[in-house]
1. Filter region 222-263 down to the residues that are crowded, with 20+ Cβ neighbours inside 10 Å and not in a helix (DSSP H, G or I), then identify the one that is nearest to the ligand (Cβ to nearest atom).
2. Quick check: anything in region 183-205 within 12 Å of the ligand (Cβ to nearest atom), under 25 Å from LYS322 (Cα atoms) and not charged (D, E, K, R)?
3. Residue check, VAL216 against (1) modelled with pLDDT under 95; (2) outside any loop (DSSP other than H, G, I, E, B); (3) within 28 Å of PRO380 (Cβ to Cβ), all met but one. Which one?
4. Given the condition buried (at least 18 other Cβ atoms within 10 Å of the Cβ) and farther than 21 Å from LEU343 by Cα, answer yes or no: does some residue in region 291-305 qualify?
5. Among (1) within 30 Å of VAL467 (Cα to Cα); (2) aromatic (Phe, Trp, Tyr); (3) surrounded by fewer than 22 Cβ atoms within 10 Å (Cβ to Cβ), where does PHE318 come up short?
6. Which of the residues that make up region 55-79 are under 23 Å from VAL91 (Cα atoms) and surrounded by 15 or more Cβ atoms within 10 Å (Cβ to Cβ)?
7. Applying the selection to region 374-390, what residues are of a type in the set (Val, Ile, Thr) and within 16 Å of the ligand (Cβ to nearest atom)?
8. What do you reckon, is PRO393 within 16 Å of the ligand (Cβ to nearest atom), free of Cβ contacts under 8 Å to residues at least 60 places away in the same chain and more than 29 Å from SER259 (Cβ to Cβ)?
Amino acid sequence: MTPHIVQVETFDLVVFGGTGDLAYRKLYPALFRRHADGQLCPGTRIIAVSRQRITREDFAAAVNAALIRFDPAHTAHGDAIETFIAALDYVVVDAAGETGWVDLQANLSDDPDRVRAFYLATSPELFGKIADRLAAHGMITPASRVIVEKPIGKDGASAGVINDSLGAVFSESQIYRIDHYLGKETVQNLMALRFANALFEPLWNSGHIDHVQITVSESIGVESRAGYYDKSGALRDMVQNHLLQLLCLVAMEPPASLSADAVRDEKRKVLQSLLRIDAKNASERTVRGQYRAGAAFGEAVPGYLDEVGDQNTLTETFVALKLEIENWRWAGVPFYLRTGKRLPERISEIVVAFRRVPHALFATTAGRVHQTKLVIRLQPDEGIKLWLMIKEPGPGGFRLRRVPLDMSFAEAFGVNGPEAYERLLMDVIRGNATLFMRRDEVEAAWAFIDPIRQAWAESTEAPRPYVAGSWGPSASVALIERDGRTWVEDGE
Ligand code: BG6
């Protein structure tokens, strides 16, 4: 199936942190793929900004190398690399100081209607400083937008400071807070699944759903990010944003429209309805873990403490939570969330387990009647499976069997969807903020996370160790098994 491409209007994109890891690894390859597909109009410009004193040619060579490394399909794009590189520019700017701002201004188009997007791929401490200087140099036009990456703060208070500093210069509708999970194809399919099919929505409530599981597991360790990660931990790095966003999309009420505010209003209400977890109930509802030496893909790997070079750090690399949403639709339905590094596989999956049938109609010899489960796989092998019970075909008595109605997107459509950053960047240019987080959503997420952190900080317990390559501490298994349920593994 050929994807339907609609060009976006000509724009100037300024990337602060333009020689950083995120830019080379994700942003330029994403922009390149949109360019190669013909989505960017001629005249569009991408201006990288950083303190590094390199020439435009050096920068272009570095982008070229990054495209070869991070976009394995780049050779299929003919001369697109050259035309993409021709659209790039590089300006030396000291984001925290005074040098370079006039040069940057001179590089921008003076058409007041042209979309100007400022991507702040920098540390959050610089967000306010950059915003102030952009304003002081008169670079913010009505058609300007600013894009910021997580972490937006390390708690509610610091997020408030960052949001205030951006809000002093940009209006809320100009601020695009990225959570790249919202750009993933299957995450958006959640909306289609729920609201474009008559089948699920009538059953999507505590009357019919037994529980929901959300797993985002990674096989990698902290790699070169130990400095950042050790100050963050899995709760802030993954749960505050990605997992809670997935939870919101599963649990929110149907929005009145697909407008950015209608969707974000509903997501915020979910966050505000979460049962508070604090010192009183954290031990029953949370498990945190930290990986020790073990194996990944058959190779020995070091433990977290050795990787960060600190034998006393209490930073968690694994979290499991049991959440409740205290509202009419979800009362009594547990949402089990887990995420961690150095788990056996990289899998992101949402499992919606329906209630068991009310009456045992079949003889015990027919076998067990399993719960109907809807498994939404975000990665890898994006797709949806609905596990149903059927009669085993053939003669020889009546035996029940579990089988999946299985739809793999790659097989069904023969295309791989665009990467999250491709879609999100194009949405910024189109001015569509539906897949970005509004200020109150981020702050509501922190309001839920902060008491958990507080409870952990006051606790005498350390994170529970788990062997790299396992599914986390055994306490995470106990968290769900106490309720007579089990984590779904292998999409079943
Ligand atoms: C990032 C986290 O937001 O998401 C990383 O900071 C994590 O720690 C990454 O590895 C996972 O993203 P993805 O798209 O690979 O699942």
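1. Across region 222-263, the extreme among qualifying residues is VAL222.
2. yes
3. VAL216 satisfies all of (1) modelled with pLDDT under 95; (2) outside any loop (DSSP other than H, G, I, E, B); (3) within 28 Å of PRO380 (Cβ to Cβ) except (1).
4. No - not one qualifying residue is present in region 291-305.
5. So the condition that PHE318 fails would be (3).
6. PHE59, ALA60, ALA62, VAL63, ASN64, ALA66, LEU67
7. Passing the criteria: only ILE376.
8. Here the answer is no, as PRO393 does not meet what is asked.
The values are calculated or read from the model by the stated rules, or taken from the named source; none is laboratory data. All of these numbers come straight from a predicted model, not from anything done at the bench. Cβ atoms come from the backbone with ideal geometry, glycine included; neighbour counts cover every protein chain shown. Note: accessible area is taken over every heavy atom of the protein model, side chains too, but ligands, DNA and RNA are not part of it. Shrake-Rupley method; radii C 1.70, N 1.55, O 1.52, S 1.80 Å.
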